[in-house]
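Just below is one structure, and these are the notes that go with it.
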Ligand code: HEM
Ligand code: SF4
């Protein structure tokens, strides 16, 4: 049986700043995971990733990251994505210091 | 110290100009990331989890105070006020913006520093004994040779696209402080019939297939070094596997082809190359040796030092751990610990860098070194200056007396920064150091090397730690595996896996249990952890780590 498709978001790093960004439904790049478009259909997700990857002058390394839905918005399922949306644990730097 | 000539300065300016144009073309969209990535890697620019990272080479770990001040300036102006010193004598900036990096490289060039060949499949920054030129046990300062290798390997047309990265380390004394046996080529200086030469070691490396290097030539006269190195690298360049990234390092080439075949090919190639070098390299080396002449040491009266040592227990403790024997009796080698308990191993703030630069200028003939253990070294300090130096360091949080002890931990950036990580390593190092400080036990425990990597790539040298810790991802949860009995010196060995891994919560108590258990196992107070492990084998240490298993067996 094919594996069931789990919810995803398109994420990448910003070309100039290098920080973590997420693709929104209206084709913006947001720095907050909560604003990301949550993709629940596999074919649609692949298409969104293709579109995003074509935006070479804005981003680096787009990929689909797993999320779970918590109260209608996306939350990470893996600790790597949790660090990406927060920042390092040894200093109060990165996203956690910016919001 | 080596001074750039006109050629070096022009070469670097041209490289920086080219890279600036490449960055511009990336930003305006004329280059895709696939096109740009090999170019940025040629210039030490990585993309990590949260930002770009710039890795700057500190050739053979040597800096003067002006260079250290410039590193501080970069940290302050384009980063978040600090830099991270690594196990390969580099400094990494964790937060630069892509459009600032060309300016950072220009600022580095002002003080003869660069980021060339700090990544990519090239010959990387050549590392050397951090006590070079100062150690009492040294045959010769290895840095002129290291600089010669740097010049030969930088932009070497044949070696820009090797099968994989290539790391060379040199030590000028029989005692290995440069982990030469875990490098693609390790050079250990020895003497034969009164002449200096090298034991040439190939095929060492850590990563997913750790191997101790093998001796390919037991004695190579110093004059033959460059043609011999070129022979090794060119044999590897042809033979090394390009079909599989995980089998591409020379350690696998040596393993798959056998040492004898490699030896034959290298010697045959060497026979051809030797004449082609025609002595130019030796003329250059003679010039370099003059530039690395030792400073004009002043005579120092050691009376004040001895009085302070007798009367001040805090000073004494620092001297006992952080001072190594200098070749002159009235001087000392000072290691400045970048491992304050609970701090990030290898990090220094811009203020700390500047202070260390000032102190080097005032007390250490303007010289600093970066050690592979992520500390800073003042290689030449007259003993009468030590009390004053210690006070200045202590006031800046740089007086930690823990060199070589449990809290002097090597840790890679791990999941806090690194895109390849499977788990964090920095917080584990912080917690272990904090715990040992609470226990007030590390001086009693003595010589102990704990090394932590956040994935199988082993940048934190865990395989050669007396206690190694490897962070893994087990079904989406951080898990830490322990290896025991590793050694990175001239008696090198790869640590053995102790058993099942520990959770992030359990790893620090496990290390504590292990170290306390060792205190009961050691034969005398002088027997180090590694010696006890070698005498007793793994069994009693495993029994300490896994008491449940012992109970079940009983
Ligand atoms: C963005 C950060 C880094 C990346 C992407 C990275 C990548 C890698 C990779 C892929 C390997 C394995 C190579 C192989 O086995 O073929 C490796 C090995 C190694 N790296 Fe790193 N590394 C990073 C940071 C560091 C740091 C911070 C240090 C020093 C503290 C370091 C020092 C080493 C060392 C000593 C090895 C093992 C020796 C060997 O090459 O066999 N690396 N690194
Ligand atoms: S060992 Fe792994 S996690 Fe640590 S720096 Fe190297 S690649 Fe990154």
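Of note:
- Shape call, segment A:8-98: gyration tensor on alpha carbons, a/c limit 1.5: oblate
- Computed FRET value (nearest 0.05) for residue B:267 with residue A:82, which takes r as the C-beta separation and R₀ as 45 Å: 0.25
- Debye log10 I(q)/I(0) for the protein assembly as shown, one point scatterer per Cα, at q = 0.05, 0.06, 0.07, 0.10 Å⁻¹: -0.23, -0.34, -0.47, -0.98
- Taking the longest Cα principal axis of chain A as reference, the axis of helix A:42-53 is set at about 40 degrees.
- Label sites at residue B:18 and residue B:161, each approximated as a point 7 angstrom past Cα along Cα to Cβ, lie 1.4 nm apart.
- Taking the fewest neighbouring Cβ atoms within 10 Å as the starting point, the ordered list for B:168, B:452, B:336, B:494 is B:494, B:168, B:336, B:452.
- From its DSSP helices (H runs of at least four residues, each -39,500 (n - 2.57)), the protein assembly as shown gives a residue-normalised ellipticity at 222 nm of -11500 deg cm²/dmol.
- DSSP beta bridges confined to the protein assembly as shown are antiparallel in about 85 percent of cases.
- Chain B - percent relative contact order, Cα under 8 Å, separation 6 or more: 12 percent
- Remark: relative contact order (segment B:303-395) = 31 percent; criterion is Cα-Cα distance under 8 angstrom and separation of 6 or more residues.
- Spacing of the modelled spin labels on residue A:32 and residue B:302, each 7 Å from Cα toward Cβ, amounts to 6.5 nm.
- Segment B:123-279 - percent relative contact order, Cα under 8 Å, separation 6 or more: 18 percent
Bear in mind these aren't lab numbers, they're just calculated from the coordinates by the rules spelled out. Owing to the predicted nature of the structure, the values given are computational and were not obtained by experimental measurement. In this analysis, Cβ positions are derived from the backbone assuming ideal geometry, glycine residues included, and neighbour counts consider all displayed protein chains.
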